[in-house]
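The values are calculated or read from the model by the stated rules, or taken from the named source; none is laboratory data. No experiment lies behind these values; they were computed from the predicted model shown. Glycine gets a Cβ as well: all are built from the backbone with ideal geometry, and neighbour counts include every protein chain shown. What goes into the accessible areas is simple: the full protein's heavy atoms, side chains included, and nothing from ligands, DNA or RNA. Shrake-Rupley method; radii C 1.70, N 1.55, O 1.52, S 1.80 Å.
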Amino acid sequence: MTYLERASELRNLLEEYQRAYYTTGRSPVSDLEYDRLFDELSAIEKEHPDAVTEDSPTHRVGSDLSSDFPEVAHTIPVLSLDKAYSAQEVFTFIDRIHRSNGAASFVLEEKIDGFSIVLYYRKGILERAVTRGNGSVGNDVTPNVKTIKAVPLRLSKPVDISVRGEVFLPVEEFQRINLTLDEPYANPRNLAAGTIRRNKSSETARVPLSIFCYEGFWAEGGFDDHIKILSELKTLGFPVDPNLSYFRSSAEDAAARLAAAGLEGRACSYSDLPDEIEHHTRERKSLPYEIDGLVLKVNEIGFREELGYTEHHPRWAIAYKFEAPQAQSVVEAIDVQVGRTGRITPMARIKAAKLAGSVIRNVTLHNQDYIDSLELAVGDTVAVSKRGDVIPAVESVVEPNTLGNTTWKMPSVCPECGATLEKRGAHHFCPNRNCPAREKGRLEFFCAKKQMDIEGLGSGTIEDLYSRGYLRTITDIYTFDWSSLVRDGVPGYGEKKTSAIAKAVEESRKTPFRRVLAGLGMNEFSHKAIEILQNAGFRSKQSLTDLVADSAKALEVLTSLDGIGPLTGAEIVCGLTDPDNIALLNSLEELGLCMDDGAVSEAEPTEAQIFAGQSWCVTGTFDHFQPREKAMEEIKKRGGTEVSSVSRRTSCLLAGKNAGSKLAKAAELGVRVVSEEQFLAMIGQKEETESVQGEAQEIQGSLF
Ligand code: IVH
C-alpha cells in the first residue's frame, strides 16, 4: 500500500468514527485507538505534504498561521427569523397559515443560542464555512470551523449542498473555560462567537465548540419537506437536534413519518402546540446547551415558497423568544411629553437601569390604554425590556408600590398650556396649535438634521431662544436679526456662535424643497411619502398646489401611487389645503427658501442605489463626515436606511474612530464592519486601500 493509499484509508476511518460519534453519540473505537490512527495520518502528512487533502481530519487541530476572514458572497440568502415574544403570537401564526393552507404541517425546533454559520460543500467536501454577515456577504472562517469536530469535513454522499447551522458551546464547557479567563464572557454564545473569529485556528481548536444543523439547500434535487431534509442531513453526517416536535392533523401520522425518516422527536397533532411550547420551555433548563427560544417552521417546501419572504424573514417560520432582555427598576415619576402634533406621550422616569449595554432612565408608556393594561402606578417595581434591541418598554409590574398609589391617570389639561386635552383613538392630544410645547417642537423638528439640518439650532438653543421670546414660528428663523443677540449682549451668544447660526440659517435657504416640505411636519408628509410624490413628478410647491386644486381628483391621483393609501392620500390633501400651511409655505417662499426641486435635482446628481435594501448603523467619529450624520446622508442617498443600534438584521456598521460597544456587538453578531476609508471607496470618493477584514480582526483581538 502506498502512503497515499494509507492516508486515504486513515481519513476514511477517522471520518467514519467521527460521524458515528456525532450522529449517534457513541464512538465505535476507543479514544486511544482514534488518537493512534490520527497520529499515523499526521505523520504521513508531515512527511508527504502531497498527502494532505481539504477534508483531512488533521485540520481539526488548527494552525498557528493568522487567517484574515476574507469576505465572501453567500450563494443562498441567509435570512433571519421574525420574532414572537408570546405563545399567543405563535398560535396566531399557525392559525393564519392554516387559514391560507389547511394542509400545511409544522415542525417546532429549539432555537439554539449560538453563532449562525453556513457550510458550503462541493462534491461532499467542506469547501467553505461563512458567517451570516449581513445575509448576503459574510466572512470566510473555514479554518476555524474545520476545528469543530461535529462539523463533517466529508459527507457520506458526494453532494453539492449548503447547510445552515448554529455553532454553540455546551454550558458545562463554557463554565469550565470561563473560570480560566481574565475577562469572563457573559454567556456561552459570546464565547462561541469570539472563538469562531480567533485569528489562529489552533486557538479555536482548544475550545470544544459544537454545532446543530437545521436547514439544507441542495444545488440539485433536494426534498419536498423539512422532516426529509433533516433526515437526509443526518444521513450525510450532520448533527441534527433531536428535540423537535412534529405537528400533523393526527399524532399517529406524525409518528409514522418521523419513524420513516429515522428521526427522534415528538409526534403531535396541531392542538398539542400549547403543550409542546410548555414542554420545551420546561426542558430548557436541563439541556446541556443554551436555547433562547423555539422556531416553528412550515414543513412542506412547496408551501414555504408559496408563503414567500419579506426582505429579511421567511413568512413560513417564526421564532418564539423565551424572553426579551429585561431589567428591573422602580418608576420614580410619570410625566407627559407634548409633541409638535399635540400628541401627549406619558413617560416613566425610572431609577437608572442597565439593559443590553445601555443605561435607561426614560421609558415611553405610549398612552393611557397601555398604562391601564399594566395597571401601572408611580413607585411600582417594573420589568423593563429592550424589544428588538431598540426601544425600551415596560413589560410588567413586578411588585406594586406600597405607597398607596393607584393606576396613573392622564391629566385632563395640557401641562404646558392648560388647554383641555382631547382623546383621539388611543391617544390624547393638546388641541392648541399655539401651545408652547408644540411651537417649540415644530421649530426643533424643522431645524433637525433630518429636515433642514441647521447647525447651531439644536433643541437647547431653540428652547432658550423660545423662552426669551426671540423665536416662535418657523418664519422667525429667517426674519430674526441674529446679530441683535450680540448687540443686546444676550448671555451665551457671542460673536462666533451667533454668526455661525446666522450663516447656517442663510445656507439653509438653499435646502431642497423636499426637505423644507418635510420640515413643516405636516401629517403623513414623511420623507418616504415625499419621495413618492417627487418620483411621481410633484417636485415643487406649484405642482402640489395645482394637484390639490381639485381635492377629489387629487385623492384619485395620490392613491394611484404605489405606497400611498386612501388615509395617507386624504391627509396629504388636507395638509396642502390647510390655510395655516399654505400661509407658511407662501411666507417661506417669499423669504427665499427653495420651492422647486426640478432645478435642484440637476445640480444634485442622483446616486446609484448601491445600498438599496441595506440597513446601516453609524458609530464613532470621522475625518470626512462631521457631524457623522453626513455619512448617514451619503448612505441614504444611495438607498440605505438608518438604524440606531446594531442587531442581527443590520447590514453594515460604519465605524469611525473611538467606536465602542457597537463595534463589539457587530463583531459578536457577525455584522459587516466598514471603516471610513472603505466607505469612501464604496461611495467613490477614494481608492480602496485596505481590506475590510483588518478591522474585523482588531475588534476580535479586543474581545477575546
Ligand atoms: S431557521 C430561513 N432554525 O436563529 C431560516 N434558525 O433569526 C432561518 N437559529 O439566524 C433560520 N436555531 O442563527 C433556524 N432551529 C433553528 C435555529 C435557528 C437557532 C438562529 C439562526 C438564525 C436566528 C433567527
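Quick check on the chain: what are the equivalent-ellipsoid semi-axes from the Cα gyration tensor, as sqrt(5λ), descending, whole Å? Can you show the working numbers first?
Working: eigenvalues 585, 187, 135 Å².
Its equivalent ellipsoid spans semi-axes of 54, 31, 26 Å.
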Heavy-atom accessible area order for Y289, Y214, largest first, 1.4 Å probe = Y214, Y289
ask   = Can you list the HN-Hα couplings for the range 129-137, worked out from phi with the Karplus curve (6.51, -1.76, 1.60; θ = phi - 60°), rounded to whole Hz and with x for Gly and Pro?
value = 10, 10, 5, 4, x, 9, x, 10, 10
key: Sum of side-chain charges, E47 neighbourhood, beta-carbon under 14 Å (Lys, Arg +1; Asp, Glu -1)   = -2
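Provide the net charge surrounding N405, with neighbours chosen by a C-beta distance below 12 Å and charges set as Lys +1, Arg +1, Asp -1, Glu -1. All intermediate terms of the calculation are to be shown ahead of the outcome.
Working: positive: K409; negative: E332, E375, D380.
Value of the local net charge: -2.
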ask   = Quick one: how many Å² of D275 are accessible to a 1.4 Å probe, rounded to 10?
value = 90
request  = Would you work out the relative contact order for the chain, in percent, from Cα pairs under 8 angstrom that are 6 or more residues apart?
outcome  = 10
note = Projected onto the charge dipole of the range 317-367 (unit charges on the beta-carbon of Lys, Arg, Asp and Glu, signs +1, +1, -1, -1), the Cα from T345, N367, I334 with the largest positive-side position is that of T345
request  = Return the long-range amide H neighbours of A84 (sequence gap of 5 or more, or a different chain), with a cut-off of under 5 Å between placed amide H atoms.
outcome  = A319, Y320, K321
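Quick check: from the Cα gyration tensor, does the range 1-85 come out rounded (a/c under 1.5), prolate or oblate? Numbers along the way, then the final one.
Values: a/c = 2.64, a/b = 1.53, b/c = 1.72.
Oblate is the answer for the range 1-85, as a/c is 1.5 or above yet b/c matches or exceeds a/b.
Does the range 382-445 come out rounded, prolate or oblate, given a ≥ b ≥ c as the square roots of the eigenvalues of its C-alpha gyration tensor, rounded meaning a/c under 1.5 and, failing that, prolate meaning a/b above b/c?
Details: a/c = 2.67, a/b = 1.52, b/c = 1.76.
Oblate.
Suppose the chain between T24 and E642 were pulled fully straight at 0.36 nm per residue; how much longer would it get relative to their current alpha carbon spacing? Working shown, then result.
On the way: separation 618, 0.36 × 618 = 222.48 nm, distance 4.66 nm.
My answer for the length gained is 217.8 nm.
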ask   = Can you list residues whose amide H is under 5 Å from R343's amide H, if they're 5+ apart or on another chain and H is modeled 1.01 Å from N?
value = C430
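For the full complex of protein chains and a 1.4 angstrom probe, list Y3, Y246 by accessible area with the highest value first.
Details: Y3 80, Y246 0 Å².
Descending order: Y3, Y246.
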message = Please list, in order along the range 395-401, the HN-Hα scalar couplings obtained from phi with the Karplus expression 6.51 cos²θ - 1.76 cosθ + 1.60 (θ = phi - 60°), rounded to whole Hz, x for Gly and Pro.
response = 8, 6, 8, 7, 8, x, 5
key: Per-residue SASA entry for D476, accessible area with 1.4 Å probe, Å² rounded to 10   = 40
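Once you have the Cα-Cα distance between E203 and T92, take 0.36 nm times their residue separation minus that, and quote the gain in nm to one decimal. Before the final figure, lay out the partial values.
Values: separation 111, 0.36 × 111 = 39.96 nm, distance 4.55 nm.
Extra length available between E203 and T92 comes to 35.4 nm.
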query = Accessible area, 1.4 Å probe, largest first: how do K662, K450, K228, K285 sort?
reply = K285, K450, K228, K662
query = What part of the accessible area of the chain, given as a whole %, is carbon or sulfur when the probe is 1.4 angstrom?
reply = 50
request  = Quote the accessible area belonging to M1 in square angstrom, nearest 10, computed with a 1.4 Å probe and with ligands, DNA and RNA left uncounted.
outcome  = 150
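With a cut-off of at most 14 other beta carbons within 10 Å, and DSSP calling the residue loop, which GluC sites (Glu not before Pro) in the range 340-445 qualify? Please list them.
Hits after loop and neighbour filter: E375.
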remark   = Once the dipole of the range 456-553 is set up from charges on Cβ (+1 Lys and Arg, -1 Asp and Glu), the residue from the list T511, S499, M522 lying farthest towards its positive end is T511
inquiry  = Along the Cα→Cβ direction, 7 angstrom out, place labels at M347 and T381. What is the inter-label distance in nm?
reply    = 2.6
query = Cysteines of the chain lacking any other cysteine beta carbon under 4.7 Å?
reply = C213, C268, C447, C574, C594, C617, C652
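By Kyte-Doolittle mean hydropathy of at least 0.0 and Cα axial length of at least 30 Å, which whole DSSP H helices of the chain are selected?
Details: long enough: 3-24 (31 Å, -1.05).
For the chain, where a helix must reach 30 Å along its axis and average at least 0.0, there are no hits.
Let me know the charge dipole size of the chain about its Cα centre in debye, to the nearest 20, where only the beta-carbon of Lys, Arg (+1) and Asp, Glu (-1) is charged.
Working: 81 positive and 105 negative charges, 218 e Å.
Using Cβ point charges on Lys, Arg, Asp and Glu, the chain gives about 1040 debye.
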remark   = If each K or R counts +1 and each D or E counts -1, the residues other than N134 whose Cβ falls under 11 Å of its Cβ total +3
Length released on extending from E9 to Y309, taking residue separation times 0.36 nm less the Cα-Cα span = 103.5 nm
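With a ≥ b ≥ c taken as the square roots of the eigenvalues of the C-alpha gyration tensor of the range 200-300, please select rounded if a/c is under 1.5 and otherwise prolate if a/b is larger than b/c or oblate if it is not?
Values: a/c = 2.49, a/b = 1.30, b/c = 1.92.
Here the range 200-300 falls in the oblate category.
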key: Heavy-atom surface of the range 544-658, accessible at 1.4 Å and reported per residue (Å²)   = 52
